[in-house]
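*Asks:* So that we are looking at the same thing, I have put the structure below in structure tokens.
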Amino acid sequence: MTATRVPPKLFRCPVTGLTVIHELLPEARTVAFGLYVKNGAVNETAKESGVSHFLEHLVFKGNMGNGIELTQAMADLGSHINAYTTDEHTSYYATCLPEMATATLQLLLEILRPKFSSADVAREREVILEEMRQYRDDPGFTAHEKGLQFFAPRHPLTHSIIGSEAALKKLSKSELEAFFYVRYRSEKIALVLTGDTSTLDFMEVLRAFGEIGGSSIPVISEKGSEPAMSSLKIRRGVQRLTKRGILQSHLVAFWPAVSEQDDTKFALELWSDIIGAGSRFAWKLVEPGLVESAGLSCQPRNSTGYVMLSACCEPGGMPTVEHEIEQILKDALSKPIDADELEQAKAMTEFSLSSGFETPTDRMTAHGEHWLTHGIPYPLESELEAFRSVTLGQVNWFTPQFQWNDAAITSLKPSDS
């Protein structure tokens, strides 16, 4: 792809009310579409636990009136569609050949007009319950979920994305439909289009689709909450958990950190890369074989954020692993990150960001997820410049903030019984 392009256009569609981000890439061989919805687990009450993920399943049924489900209709075009739910948003995306762009976009928009039949609700409820059981059997998932809840009890950021079984069983068809019309209002949604859209009249497709929801939208107040750094009450200390049937021990640790909107996140991400599995963790933990895997990552969120550490090892090795991690973090105080480490981390980050911005799908994802927290498409060059500008002083400032004694630590090991 060429280095010079027309910047993506950002505007509000006057008919649907959707925010539209359009980036024409005439040299591309594919087209990517994405719907990004400002709705995730953080917006849910206890009664609504898992409703965002439930809606993600249900809207794929569409409302086309021909008995064909959305995924099959997409497959008939040779197009691909998928979705995911996070703690803060829900995303639906489709990719296709340029000649199928009009039909693919028409189908993707059907997500915003689901049919909510009783049969579909019952069927998808069972699918999610089975998915929930599979997650509960995953020790890595269990350690992460229990660890995050131990770290920041009762904070929206710790809400389970897949939800609680009790809430899931009680959610009715009418409640799910009402939740949809509240959560999927047009001002909460961005449509992102990237790739060779030169033969696509997407504004005509949007005009034909019409107003989101229509006149049948029920008037319901939104009860969900938004997380904020000021409400992130942190617990420090250690919790030790056991689980039957697992073969390895798992460790997670959390510290409060910066938000997506905080410019110091660039220095923190580089600090995490250098201290984490890409560098110092690798030398002391991975290469000697003390762990099967280990990672340290910066997790900025909207108005809040955290740093997360994770490791997996043989059951008897956990005391040694914890000691080594504590020592790595302590050594960073006496042996600060040096210029060579910082430059290497910057180079690796620049390569990762640049290579992850090559295809229409990559660019669609970057634009959509950046809009969710910043209201604009992803500005690759300014992001790269922000990483290039990080100084040694800025990156080393974080080391005292992330010592082992200040973490919320959760370990999960096999039960003896």
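The values are calculated or read from the model by the stated rules, or taken from the named source; none is laboratory data. It should be emphasised that the depicted structure is a prediction, and the values quoted were computed from it without experimental measurement. Every residue, glycine among them, receives a Cβ derived from its backbone with ideal geometry; neighbour counts consider all protein chains shown. Each accessible area value is taken on the protein alone, full model and side chains, heavy atoms only, with ligands, DNA and RNA left out. Shrake-Rupley method; radii C 1.70, N 1.55, O 1.52, S 1.80 Å.
*Asks:* Please give the per residue accessible area of the chain, computed with a probe of 1.4 Å over protein heavy atoms only, in Å².
*Replies:* Averaged over the residues of the chain, the accessible area is 45 Å².
*Asks:* Tell me the label-point distance for the pair A46, H374, using the 7 Å Cα-to-Cβ offset, in nm and rounded to one decimal.
*Replies:* Taking the two extended label points, one gets 3.8 nm.
*Asks:* What percentage of the solvent-accessible surface of the chain, computed with a 1.4 Å probe over protein heavy atoms, is contributed by carbon and sulfur atoms?
*Replies:* C and S fraction of accessible area: 52 percent.
*Asks:* Report the extension gain between K115 and A282 in nm, rounded to one decimal, defined as 0.36 nm multiplied by the number of residues separating them, less their alpha carbon distance.
*Replies:* The span from K115 to A282 would gain 55.1 nm if fully extended.
*Asks:* Count charges around G316 for me, please; just the other residues with Cβ under 15 Å from its Cβ, Lys/Arg as +1, Asp/Glu as -1.
*Replies:* -3
*Asks:* To continue, here is another question. Are there DSSP H segments in the chain that both extend 30 Å or more along their axis (alpha-carbon positions) and score a mean Kyte-Doolittle hydropathy of at least 0.0? List them, or say none.
*Replies:* Span-like helices in the chain: none at all.
*Asks:* Another question, if that's okay. Within the P(r) computed for the chain, what percentage of the Cα pairs occupies the region above 37 Å?
*Replies:* 30
*Asks:* Looking at this model, which pairs from K9/K265; K284/K330; K146/K243 are more than 19 angstrom apart at the alpha-carbon?
*Replies:* Check vs 19 Å cut-off fails for K9/K265.
*Asks:* Just to confirm a number: summing +1 for Lys and Arg and -1 for Asp and Glu over residues other than R240 whose beta-carbon lies under 14 angstrom from that of R240, what do you get?
*Replies:* Cβ neighbours under 14 Å give a net charge of +1.
*Asks:* Continuing with this model, one more query. If you take the square roots of the eigenvalues of the alpha-carbon gyration tensor of region 23-112 and sort them as a ≥ b ≥ c, do you get rounded (a/c under 1.5), prolate (a/b over b/c) or oblate?
*Replies:* oblate
*Asks:* What's the FRET efficiency of W397 with A208 using the Cβ-Cβ distance as r and R₀ = 60 Å, to the nearest 0.05?
*Replies:* 0.65
*Asks:* Starting from 0.36 nm per residue, how many nanometres of slack lie between T242 and I68 once their C-alpha separation is accounted for?
*Replies:* 58.1 nm
*Asks:* For region 140-192, what class follows from the C-alpha gyration tensor (a ≥ b ≥ c being the square roots of its eigenvalues): rounded when a/c is under 1.5, otherwise prolate if a/b is larger than b/c, else oblate?
*Replies:* Because a/c hits 1.5 or more and a/b fails to exceed b/c, region 140-192 counts as oblate.
*Asks:* Give me, ordered by chain and number, the residues 5 or more places off V238 or on other chains with an amide H under 5 Å from its own placed amide H.
*Replies:* Amide H to amide H, under 5 Å and 5 or more residues apart or across chains, V238 pairs with I409.
*Asks:* Next question, about the same structure. Pick out, from S117, F387, P315, the residue whose Cα sits farthest towards the positive end of the charge dipole of the chain, with +1 on the Cβ of Lys and Arg and -1 on the Cβ of Asp and Glu.
*Replies:* S117
*Asks:* Okay, moving on. Aspartates and glutamates near K115 by alpha-carbon distance under 15 Å, same-chain residues fewer than 8 away left out - which ones?
*Replies:* E56, E69, E124, E175, E177
*Asks:* Take the alpha-carbon centre of region 75-119, take the same for region 341-417, and report the distance between them in whole Å.
*Replies:* About 29 Å separates the Cα centre of region 75-119 from the one of region 341-417.
*Asks:* Given labels modelled 7 Å from the Cα in the Cβ direction, how far is it in nm from S172 to T199?
*Replies:* 5.0
*Asks:* While we're on this one: Under the 0.36 nm per residue contour assumption, what length would be gained going from the current alpha-carbon distance of L333 and S389 to full extension?
*Replies:* Full extension from L333 to S389 adds 17.9 nm.
*Asks:* Springs between alpha-carbon atoms under 10 Å, Gaussian network over the chain: tell me which of W271, W397, W371 tops the mean-square fluctuations.
*Replies:* W397
*Asks:* For region 1-109, give the magnitude of the charge dipole about the Cα centre (Cβ charges: +1 Lys/Arg, -1 Asp/Glu; no others), in debye to the nearest 20.
*Replies:* Rounded to the nearest 20 debye, it is 300 debye.
*Asks:* Let me ask you something else. Using the charge dipole of region 233-297 (Lys, Arg: +1 at Cβ; Asp, Glu: -1 at Cβ; taken about the Cα centre), state which of I274, H250, L296 has its Cα farthest towards the positive end.
*Replies:* Of the candidates, H250 comes out farthest on the positive side.
*Asks:* List the residues, sorted by chain then number, that are 5 or more residues from Q299 or on another chain and whose placed amide H is less than 5 Å from its amide H.
*Replies:* Y306, V307, M308
*Asks:* Place a +1 charge on the Cβ of each Lys and Arg in the chain and a -1 charge on the Cβ of each Asp and Glu, then give the dipole magnitude about the Cα centre in debye, rounded to the nearest 20.
*Replies:* The dipole magnitude comes to about 1380 debye.
*Asks:* Summing +1 for each Lys or Arg and -1 for each Asp or Glu, what net charge is found among the other residues whose Cβ lies under 10 Å from the Cβ of P8?
*Replies:* Here the charged neighbours net out to +2.
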